[in-house]
1. Taking only pairs six or more apart or across chains, which ones have beta-carbon atoms under 9 Å, a first residue in the stretch 428-452 that is closer than 27 Å to PRO368 by Cβ, and a second residue that is surrounded by fewer than 16 Cβ atoms within 10 Å (Cβ to Cβ) and of a type in the set (Asp, Glu)?
2. Do you know which residues across the stretch 336-369 are surrounded by fewer than 23 Cβ atoms within 10 Å (Cβ to Cβ), closer than 23 Å to ALA313 by Cβ and small (Gly, Ala, Ser)?
3. For the stretch 159-171, does any single residue satisfy the condition of being outside the structural domain of ARG77 (by TED's automatic domain parsing), within 25 Å of the chain's Cα centre (by Cα) and assigned to a strand (DSSP E or B)?
4. Can you name the number of the only condition in (1) in contact with a strand residue (DSSP E or B) (Cβ under 9 Å, 6 or more places away or on another chain); (2) modelled with pLDDT of 95 or more; (3) more than 25 Å from ASP68 (Cβ to Cβ) that GLU204 fails?
5. Looking at the stretch 228-236, can you tell me whether even one residue there is aromatic (Phe, Trp, Tyr) and under 18 Å from the mean Cα position of the chain (by Cα)?
6. Can you say whether ALA333 is crowded, with 24+ Cβ neighbours inside 10 Å and either in contact with a Leu (Cβ under 8 Å, 6 or more places away or on another chain) or not small (Gly, Ala, Ser) (or both), as far as the supplied structure shows?
Amino acid sequence: MLFNSILILIMRTTRRKFIKYAGAAAVSGLTAGLASYALMPSNSVADSMDSTTIGIGSFEVERYRPPDYLEFLDWLRSVSKPLSGQRIVIAMENEPFPRAMQRINSDFFNFSGILTEYELTPFLQNLSNIRLAVNTKSPTYDIFNIDGSQIATFSDDLIPPQELAELYPELTYPDFDVDGFDSIGWALSSKYPQDLIFSPYEKELNGSVVQWPQDIPIMIHFYRKDLYEKEGLEPARTWDEYYEDIKHFDNPNGGFYGAVSMAFVHPSITFEYLNHLHSFGGKIWEVADDNTLRCVMNSDEAVAALENFVRFARYSDPGSSSYSWDTVASAMANNRAANAIQFADYSSLMDNPNKSQTVGKWGYKLNPAGPAGSFTTFAGAGVGVSKYSRHPKESWLWLQWVSTTGAQVVALQDPLNNSAPNRKAVYDDPIIKQELETGKLQYLKVVKEALSTNRVGTLISHPKWPQAGAIMNSKLHETWRGYLTPREAVKTIQDEIDALGPVFTF
């Protein structure tokens, strides 16, 4: 088996640390347990585990746990005994990475004794639930994740990780590598204001860290490689080639379409449009030297980008006007389209034989290029401890656990989790290296390539973004439906956002 060959490789490359655990069995029952735990199924749990605890998957996957991760778990057990039996509630979006961490939560429970309840809901519902909790200063949630675009709204409702480390030094892992987070998640998901380190802005705003990155979801081009190979075609490199491809594959009489898009009145339509906007040289905001923002949507570049986006509607799944990222993924899995610009995480759904009719049929490429090149959209969230939590100590331990390199290596061995890790060292793990080349993580090669271009768009968070974003979502949707021309849409967006400002501050 591939897993066994990788395990041999890991044991060779980390022999000293492995022997530390396996060889010490004669003198330490705990360490012997750790050595055996290194290869336990992900949802094996202690006999004493509370049956109401949420977080265990319904299947078993034999996974390797890296030695550094076992060291962290050993430390976790050594410091958490006084907190054993306490319960924390975690509110996160119902997406691949949170589900993967829920499925390996037995690791956290087995070594801390802390009970966890996960509340995983769709993006807008999660946002609404968290907003209600913080507006009432309720301790409902101990931990929650906040999308980077919404961080301005909630930055004052989180206990910054550095503050937690200072408050609880005895519960702070001494070898935790804060510098090991990927730069994009650190800049765009953890800080407020965000550091706009990528094109088209390339400007650091020197924000404060209020949470830690969760994962690195970016949009890439999904294409049906089986159909492209059958037709002898290469996936599109430009938007014009993409247009020709979707015309070629469009077969509405057969219930199959050239593409499927996120065109509902939902944040997903703005995220998808950003891939077009930046590739045509446009942007939503101009960031002044004094770090204030002005909307610059009423531009020829924004018009051209929107014309490009909506011309695909004719050859796209007609349900697109009611689809967000989840429903686009379902349409793809149900064999309704040949192409999509979708978040890489959703490759996990494509490869799930229980939910997909298209297992093994999707390929992944960089997004098609416009005049300014190929851009990808980042839509990552961070995760942090609520200021209103009654269990900040327990929550701080969980936040450290979920943010370790080892936990993410374990999670990526989950066949239902195709997220992109927020820790740079994950890519150096022997299992992950092997899977990148020959296994299920092929999509990650495209993610790495896209990030290496430094052409990454995102939504800039500020106090008025929820209102500005609602304007964007509505007018883009109306344009997709044909109710507005692209020129009318960008002017209306500009006018209505200006009415909120026109100058915006952080």
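The values are calculated or read from the model by the stated rules, or taken from the named source; none is laboratory data. Note that the structure is predicted; figures quoted are calculated from it, not measured. A quick note on method: Cβ atoms are made from the backbone with ideal geometry, for glycine too, and the neighbour counts reach across all protein chains shown.
1. From the stretch 428-452, the pairs are LYS445/GLU437.
2. Selection gives ALA369 alone.
3. If we filter the stretch 159-171 for residues that are outside the structural domain of ARG77 (by TED's automatic domain parsing), which is where we start, we get none.
No, because not a single residue in the stretch 159-171 is outside the structural domain of ARG77 (by TED's automatic domain parsing), within 25 Å of the chain's Cα centre (by Cα) and assigned to a strand (DSSP E or B).
4. (2)
5. Filtering the stretch 228-236 for residues aromatic (Phe, Trp, Tyr) gives 228.
From what is left, the residues that are under 18 Å from the mean Cα position of the chain (by Cα) are none.
No, the stretch 228-236 contains no residue that is aromatic (Phe, Trp, Tyr) and under 18 Å from the mean Cα position of the chain (by Cα).
6. On the way: crowded, with 24+ Cβ neighbours inside 10 Å: no; either in contact with a Leu (Cβ under 8 Å, 6 or more places away or on another chain) or not small (Gly, Ala, Ser) (or both): yes.
Criteria not met by ALA333.
So that you can scan it fast, the table gives a plain yes or no per residue for (1) under 28 Å from THR238 (Cβ atoms); (2) not hydrophobic (A, V, I, L, M, F, W, C):
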| position | (1), (2) |
| --- | --- |
| THR358 | yes, yes |
| TRP362 | yes, no |
| ALA381 | no, no |
| ALA407 | no, no |
| LEU412 | no, no |
| TYR427 | no, yes |
| LEU441 | yes, no |
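Matching residues to (1) assigned to a helix (DSSP H, G or I); (2) in the same structural domain as GLN442 (by TED's automatic domain parsing); (3) modelled with pLDDT under 95; (4) more than 23 Å from SER461 (Cβ to Cβ):
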position: PRO235; (1), (2), (3), (4): no, no, no, yes
position: ILE246; (1), (2), (3), (4): yes, no, no, yes
position: ILE269; (1), (2), (3), (4): yes, no, no, no
position: ASN275; (1), (2), (3), (4): yes, no, no, no
